[in-house]
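Student: Attaching a single structure in structure tokens format; questions to follow.
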Amino acid sequence: MYSTFIFLSGKRIVVVKYCDFIKMVLNIASKIKFCDLCEVCENIQKSPKEKACLILRKYITEYRKLGERLKTEDQQAEISFYPVLRLLIPKFDRERSAYGVKEHALAKIYIRILCLPKGGMDAEKLLNFRSPKAGVNQAGDFAEVAYFVLKNRCGEGKKFTVEDVNSRLDALAQKHAAHDPRGMDDELTLLLTGMSEMEQKWLIRMILKDMKLGVGHIGIFNAFHPDASTLYDVSNDLSKVCTLLHNPDRRLHEVEITIFSPVRPMLSEQCDIQKVENCMKNSAFYYIETKHDGERFQIHFMTGTFKYFSRNGFDYTDIYGSNAMTGVLTPLLSKQLQPGVQSFIIDGEMMVWDKNIVAFRSKGDNIDVKSLKGGSYLQPCYCVFDILFYNGEVLTNKPLCDRIKYLNSLITPCEGVVLQTERNIVKTKDEVIERLNEAIDNKLEGIILKDPESVYKPNSRKAGWFKIKPEYTGGLMDQVDAIIIGGYYGDGRRRGIISHFLLAAAVSKDGEPEEFHSLVRVGSGYTMAKLEELIQKMKPHWRKCSPGECPPGIIWTKEKPEVWIEPKNSYILQIKATEIVESSSFKVGYTLRFPRVEEIRYDKKWTDCITVSELTDLWQRASGKLYSRHAYSIDPEASSPKKKRTSNHQPQLGKQFCSADVSTATIKSTLLEGKEFCVMSDYNGMTVQHIETQIYENGGKFVKNPGPSTFCVLAAEKNIRVQSHSNSKQYNVIHTEWLLNSVASHKLLPWTPQNIISVTPETEREIMLQYDVFGDSYTEISTEENLKELLSKLESKVSVQKISVHEMADMDIELFSGPSPMGIFRLCIAYFDIPSEDDFEAFCVRKSLELQKLDFEYYGGIVSTMIDDGTTHAVVHSRCQTRLEEIKLLNRDRRKKIHIVNEKWIKDCVDQRRQMDERNY
Ligand code: ATP
């Protein structure tokens, strides 16, 4: 509307287009002295948070009052709080482009305008403001260092109004955009020379976009209006926030939703299934929705026109089609609209539908839903789960249960084109677990739990939606989204290009990342093509690292990159790793073990990376093993209908999984009273159940899995399960012979090195007081028999130590900068379901699986003869699935889920020389 602005002391002359007269419009910003605003900032900064908020509120109230007074003078007066708000939260000011001025440039300008001698103390302080020499309390804070340098060197200032400062800053940004460094210099000189040291301090903070007020943007928004933060989330527009919410008494009952302008989608909070009850306290029932594995999209429609926006607000209408005649989706989708639909905004997930297999393809197939072409067997299919706007009415403030009713009168579902997300009602934790189990069986990513009372809060992650994902792999963890902060040049094929990255987690304040702390170095998982695409995007932003210094806002420790990048220009990598381990090489204090890049998340903003507190939470909850946040099982004590169902379908996978039936046995002695045992293998012709019966008859208890009250695990062979317990050193694993000898001699015999398979560190200490390293007792006289055994053990004690798979994996990382192509299955323990029948088909399947077993072992995997705690995969041939259901049932009751895959998984992994996403098999 306005074309030119001319400033005259306190009045703005606005030349209004289409008008042939010039009108003077009063502007509140011209009445506010910049020094007064700085005074307020100073007071806020010095006060504790609560008082600071009060100061700010008071200031805003006075501001509004002044606005009202101006309105009485001039109805047209501009009284928005925007000119001040954009200075208080400069990071959020989208109207003004970047200034391109950092501390170093400012330091140089000061040195020049103050005529500071080069190498002098003040010049050095400014240039090396991070050094403690700059002042104990000021080091690292350029504005504060400048303040002390400027003290007694400036006039009293008070010349500029808020309007002047804004227009000068506009000019600075424009000159930066026009590549006019001289002009920038002039603007800055003009501003800085006319201000007091205190004004300059705050101006510097505004220019550096880091106010250090001690009150974050949410606090500032709240002081202005209770809905300001919400409205900003929807609109990303400070000016709009100030205009629409100028009146503090008028609540924004409906978040301002505008058709054809993208809304930041509502997000889901992570939920640990074991603690799901905590998320279900608000309402009598909850919805469980399918968690689609596609890309978040919202579709806007009005009078025949469609628009498609991605999660980040990018417009993909060109691909999907703006009307019924164009694009890959709209021609089909528009046919499904029900009569009477005039306008809507819907939220959902864009999926890839494969017409050949009549099913969705998953993300793991690496098909970009935004690159689909018409006429292909692959087409986009939109799964809609929410609605924000319908026929002119904004629905965001309605509860979800009401919103979804609108969906029924909106679209007629059509397979492969548009579907409504499947939704079920649940009331208890067990029902949620049941749904999650179903999701696993259907190879889905997880489920989404939603509060029916939740209103649609754009960009909010804590508003009643929860994502619950299972842990599919034994040992491999869920993904962590970390941001690239540094790079390393590669060698070999990757010579001269950045091939490895240093990633970081954010330290957030009021939901905004303030600092980035180094977390992990990663250099594998991506293809050359993907790496090149990423490098191309980052190329203009890499900067050389200065020795001994971390860039502003980034902290690393021992592990230092060769080049670094500002987080706002960087990208998020989705990392898969095995666990978190302590490490002093990274600022976070721990790092990820065996990291590999799962995906480059171009769809995520740089601010969406994992925070240090989220990592610490994971670390504490799971004591390093990230997967345990997804570990779950139905409480075995709970007498839910599910439990009965499970027992009806008892899997027949091996008698070792069945407990002894002691209903007819009697307790004959108290020898083992108060002791709990876990028997892991048969011994000398005695079955597990037989040994368990002996325990029962002697007053002991037996369990199928050891727990904190287990006295010892009994075993006679080192099968995989025993091996895994031995390695964990959590339990005393004792040879079954010890129990039988104790029972036979009617007394509990002490454990000797001869019958110990593995013990906890405490037991080991006790034993070492009585026996030497070869197991020879310090006090007992040796017999011929135990001497023979000792001598046989001597050999194995002095033999070469075997290295564990974890050590091998460590070596892979060292040798190949990532997983070794020869160790594709390292850390995998697979059970191959080989059919025992003897018909021709079974024979073929057997041979095929046996060959695959060899491949699997050759590439670093461990074959397990049964499904036990250590198993990570079960390979079931696609031509022989008779036991598939049993294995699935068994998997349901496991804490740590296994991948159930078919033979193609092994083949594809070997062909591609990498581990493929199991969900596709
Ligand atoms: P986030 O979106 O939470 O930042 P992310 O992109 O890494 O994380 P996930 O953690 O796997 O994705 O899951 C959240 C995503 O799941 C949502 O952003 C959304 O795109 C998707 N999603 C799939 N189905 C649903 C559903 N029924 N309701 C809400 N979101 C869903």
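Student: How far is it, in nm, from the label point at K159 to the one at N902 when both lie 7 Å from their Cα along the line to the Cβ?
Tutor: A separation of 7.9 nm, rounded to one decimal place.
Student: With N set to the number of residues, divide the alpha-carbon radius of gyration of segment 278-367 by 2.2 N^0.38 Å and report two decimals.
Tutor: 1.30
Student: Moving to a separate point now. Compute, for E850, the solvent-accessible surface of its heavy atoms (probe 1.4 Å) with the complete set of protein chains present, and express it in square angstrom to the nearest 10.
Tutor: 70
Student: Can I ask one more? Want the number for K560 to E42: 0.36 nm per residue separation, take away the alpha-carbon distance, what's left?
Tutor: Answer, rounded to one decimal: 182.8 nm.
Student: Relative to the longest principal axis of the chain, what angle (0 to 90°, nearest 10) does the C-alpha long axis of helix 805-816 take?
Tutor: 50
Student: If amide H atoms are built 1.01 Å from N in the plane of the peptide, which residues on other chains or at least 5 residues away come under 5 Å of the amide H of K718?
Tutor: none
Student: Angle between the Cα long axis of helix 528-538 and the longest principal axis of the chain, 0 to 90 degrees, nearest 10?
Tutor: Approximately 30 degrees, to the nearest 10.
Student: Right, another one. About the Cα centre of the chain, how large is the charge dipole given +1 on each Lys and Arg Cβ and -1 on each Asp and Glu Cβ? Please answer in debye to the nearest 20.
Tutor: Once rounded to the nearest 20, the dipole reads 2880 debye.
Student: Could you check what % of the DSSP bridge pairs in segment 658-770 are antiparallel, to the nearest 5? Don't skip to the end; give the middle numbers.
Tutor: On the way: 3 of 11 bridges.
Antiparallel bridges make up about 25 percent of those DSSP assigns within segment 658-770.
Student: Name the shape class, rounded, prolate or oblate, that the alpha-carbon gyration tensor gives for segment 674-716, where a ≥ b ≥ c are the square roots of its eigenvalues, rounded holds for a/c under 1.5, and otherwise prolate holds if a/b is larger than b/c and oblate otherwise.
Tutor: On the way: a/c = 2.45, a/b = 1.36, b/c = 1.81.
In terms of gyration-tensor shape, oblate.
Student: Let me ask something else. Please say if segment 499-621 is rounded, prolate or oblate, where rounded means a/c under 1.5 for a ≥ b ≥ c the square roots of the C-alpha gyration tensor eigenvalues, and otherwise the choice is prolate for a/b larger than b/c and oblate otherwise?
Tutor: Rounded.
Student: Once you put a point 7 Å from the Cα of K530 and another 7 Å from the Cα of Q75, both along the Cβ direction, what distance in nm separates them?
Tutor: 6.2
Student: So what is the relative contact order for the chain, in percent, with contacts set as C-alpha pairs under 8 Å and at least six apart?
Tutor: 8
Student: Viscosity 1.306 mPa s, temperature 10 °C: give me the Stokes-Einstein translational D for segment 352-411 in µm²/s, with Rh taken as the Kirkwood radius over C-alpha pairs.
Tutor: For these conditions, the coefficient is 115 µm²/s.
Student: What is the packing order of peptides 452-465, 538-551, taking the mean over residues of other C-beta atoms within 10 Å and listing the highest first?
Tutor: So the peptides 452-465, 538-551, ranked by packing, come out 452-465, 538-551.
Student: Report, in degrees rounded to the nearest 10, the 0 to 90 angle that the Cα long axis of helix 49-73 makes with the longest principal axis of the chain.
Tutor: Helix 49-73 and the main axis of the chain meet at about 30 degrees.
Student: Give me the 1.4 Å probe accessible area per residue for segment 103-208, excluding ligands and nucleic acids, in Å².
Tutor: On a per-residue basis, segment 103-208 sits at 48 Å².
Student: Here is a follow-up. For T72, what accessible surface area do you get with a 1.4 Å probe? Give it in Å², rounded to 10.
Tutor: Counting only protein heavy atoms, the figure is 120 Å².
Student: In units of 2.2 N^0.38 Å, what is the alpha-carbon radius of gyration of the chain?
Tutor: The value comes to 1.15.
Student: I'd like the accessible area for D603, computed on protein heavy atoms only with a 1.4 Å probe and all protein chains in place. Round to 10 Å², please.
Tutor: The accessible area of D603 comes to roughly 50 Å².
Student: While we're looking at this one, here's another question. Based on the Cβ-Cβ distance of I218 and R913, what FRET efficiency does E = 1/(1 + (r/R0)^6) give at R0 = 60 Å, to the nearest 0.05? Don't skip to the end; give the middle numbers.
Tutor: Working: r = 48 Å, r/R0 = 0.80.
Using R0 = 60 Å, I get an efficiency of 0.80.
Student: Mind running the shape call on segment 103-208? Use the C-alpha gyration tensor, a ≥ b ≥ c as the square roots of the eigenvalues: rounded below 1.5 for a/c, prolate if a/b tops b/c, oblate otherwise.
Tutor: prolate
Student: Between T303 and M808, with labels modelled 7 Å along Cα→Cβ, what's the label distance in nm to one decimal, could you check?
Tutor: 6.9
Student: Divide, for segment 658-770, the radius of gyration over alpha carbons by 2.2 N^0.38 Å, where N is the residue count.
Tutor: On the way: Rg = 13.4 Å, N = 113, 2.2 N^0.38 = 13.3 Å.
The value comes to 1.01.
Student: Using a Förster distance of 30 Å, how high is the FRET efficiency between S585 and E766, based on the Cβ-Cβ distance and rounded to 0.05?
Tutor: It comes to 0.25.
Student: Anything over 31 Å Cα to Cα? Flag those among K370/K544; K125/K209; K450/K897; K587/K853, in the order listed.
Tutor: With Cα atoms farther than 31 Å apart: K370/K544; K587/K853.
Student: Using a 1.4 Å probe and counting only protein heavy atoms, arrange M206, M768, M866 so the residue with the most accessible area comes first. Walk me through the numbers on the way to the answer.
Tutor: Details: M206 0, M768 115, M866 25 Å².
Result of the area sort, largest leading: M768, M866, M206.
Student: Could you sort E95, E187, E62, E393 by accessible area so the largest value comes first, with the probe set to 1.4 Å?
Tutor: Greatest to least solvent exposure: E95, E62, E393, E187.
Student: As a test of the formula, what do you get for the chain when each DSSP H run with n ≥ 4 contributes -39,500 (n - 2.57) and the sum is divided by the residue count, at 222 nm and rounded to the nearest 500 deg cm²/dmol?
Tutor: Working: 28 runs with 299 residues, N = 921.
Only helices count here, giving -9500 deg cm²/dmol.
Student: Using a 1.4 angstrom probe on the protein heavy atoms only, could you order D141, D318 from most to least accessible area?
Tutor: D318, D141
Student: Could you state the accessible area per residue of segment 805-920 in Å², with a 1.4 Å probe and every protein chain left in place?
Tutor: Ligands and nucleic acids excluded, the figure is 47 Å² per residue.
Student: So, R0 is 41 Å and r is the distance between the beta-carbons of D318 and S613; what FRET efficiency does that work out to, to 0.05?
Tutor: 0.55
Student: Starting from the Cα gyration tensor of segment 269-472, multiply each eigenvalue by 5, take the square root, and state the resulting semi-axes largest first in whole Å.
Tutor: Working from the Cα gyration tensor, I get semi-axes of 28, 21, 14 Å.
The values are calculated or read from the model by the stated rules, or taken from the named source; none is laboratory data. Predicted model, so just to flag it, every value in this text is computed and none were measured. Heads up, the Cβs are rebuilt from the backbone with ideal geometry, glycines too, and the neighbour counts pull from every protein chain shown. Quick note on the areas: whole protein, heavy atoms, side chains included, nothing else; ligands and nucleic acids left out. Shrake-Rupley method; radii C 1.70, N 1.55, O 1.52, S 1.80 Å.
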